[in-house]
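A short worksheet on the structure shown next.
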Amino acid sequence: MHLETATTPEEVLRELRAASEQRVEGKAKSGPPRVLDICQILALEVPAPKMLVESVLPTAGACLLFGAAKSGKTLLAVQTLLAVAGGRPLFDYYHVLEPGPVLIVEQDDPAGAGSLKAILERSAALVADLPFYLAPRIPYTFGSALSTWLGEQIKSRGLRLVVLDSYTALRGSRAGGADIVKVEQTDLTSLDELAKRTGCCILVVHHSSKGSAGLDWSDKAAGTYAMSAATEMQIHITRFGELETSAPERLVRVRGRHTEGGDMVLRFRKDSLDYEHVLEGGAAPLFPLVREIETAFGTQSFGPMELSNAIGMSRRTAHRYIDELYRAGSLSKRGYGEYALTGGRP
């Protein structure tokens, strides 16, 4: 049966999936494109997106985790793998909705196995019996061979989450004159199709572009716009530039194609080599300011004038920040023009 001859919604959906599978395996056949009318579109029974880890990762699809060097990308990925493998809440906060076996492909760090061993040994969770697998230095790059091998691993081991560390290390050599946008789109689109066909989440670790300082966080992944356009979810981790270099806090921002995004602050714990959850929501990007307010006022109330004098900002800026923090739930109103921090110490 060809796509142009399928008539029922089931046949259309089945043929579209078959075409996707052929693209992943590099066996796509040429032919006239399928054009659906509105009745056929509405009749399609497409499953609603589901989450593997609430607010963080979808059940199926390729996702991108990126950040600057030494920002803690791999550590965040490993902690997520352990949470999914053990069915424990990520950061003791976000529930794992579909736990199961996990795999990390460590292609970036020649000593990756040793680094992973150190993380596992220091983990607060019991890890000895977890369905956690490591594939160090595989002989594949992005393409049909990698997709075939990954598909076999996902099927034979029943994997729920795969981490590829990293995109740059697994990227094949590029011939001169190649269309970089199309190459990156092909790499990640085929990976996304494989993930959705097998019902697995594949998280690709990548680094930020050095020339992206003035861009929105979602555009900072190195490479072209195809890096984010072809993936189901983007996760960005960064240090706070306003805090001291050794500060353990990280800002993590999540944006999904079919799910709501969000911001969170995590704090690195050296003893257990993992992150703890600090806060989430609209106040997360303003964490350094929240900490300054806590230092200046503690539990005491303050207004725009007091904030302006204590922090060293204009009255207008103080009004704006108070409004943002109040709407984010980090400030409570104690009277006319009087506010105080809510909750415990950030």
Worksheet item: Can you spot a residue in segment 272-279 that is within 14 Å of TYR321 (Cβ to Cβ) and in contact with a helix residue (DSSP H, G or I) (Cβ under 7 Å, 6 or more places away or on another chain)?
Response: no
Discussion item. Anything in segment 92-123 that is hydrophobic (A, V, I, L, M, F, W, C) and farther than 13 Å from VAL78 by Cβ? List them, or say none.
Written reply: VAL96, LEU97, ALA111
Item to complete: Test each condition in (1) open to solvent by less than 60 Å² (accessible area, probe 1.4 Å); (2) of a type outside the set (A, V, I, L, M, F, W, C); (3) within 21 Å of the chain's Cα centre (by Cα) for SER115 and report the one that comes out false.
Response: (3)
Worksheet item: So HIS258 clears everything in (1) at pLDDT below 95; (2) out of contact with any Pro (no Cβ under 8 Å at 6 or more places or on another chain); (3) of a type outside the set (D, E, K, R) except one condition, right? Which one?
Response: (2)
Fill in: Output for segment 116-173, where each listed residue is farther than 20 Å from VAL53 by Cα and among the charged types (D, E, K, R)
LYS117, GLU121, ARG122, ASP129, ARG137, GLU152, LYS155, ARG171
Discussion item. I need the full set of residues from segment 74-109 which are of a type outside the set (A, V, I, L, M, F, W, C) and crowded, with 24+ Cβ neighbours inside 10 Å, in order please.
Written reply: THR80, GLU106
Discussion item. With the requirement that a residue be open to solvent by less than 60 Å² (accessible area, probe 1.4 Å), assigned to a helix (DSSP H, G or I) and among the aromatic types (Phe, Trp, Tyr), what does segment 301-332 give you?
Written reply: TYR321
Practice prompt. Answer yes or no as to whether GLU184 is farther than 19 Å from LEU81 by Cβ and at pLDDT 95 or above.
Written response: no
Fill in: Condition check for ALA62: of a type outside the set (Val, Ile, Thr) and either outside any helix (DSSP H, G or I) or at pLDDT 90 or above (or both)
yes
Worksheet item: Which residue out of LEU52, LEU42, LEU36 is assigned to a helix (DSSP H, G or I) and either of a type in the set (A, V, I, L, M, F, W, C) or modelled with pLDDT of 95 or more (or both)?
Response: LEU42
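To keep it simple, each residue is scored yes or no on (1) more than 18 Å from GLY67 (Cβ to Cβ); (2) aliphatic (A, V, I, L, M).
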position	(1), (2)
MET227	no, yes
GLU260	yes, no
PHE268	no, no
ARG315	yes, no
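The values are calculated or read from the model by the stated rules, or taken from the named source; none is laboratory data. Since the structure is predicted, the reported quantities are computational estimates derived from the model, not experimental observations. Cβ sites come from the backbone with ideal geometry, for glycine too, and all protein chains shown count toward neighbours. Only protein heavy atoms, including side chains, enter the accessible area calculation; ligands, DNA and RNA are left aside. Shrake-Rupley method; radii C 1.70, N 1.55, O 1.52, S 1.80 Å.
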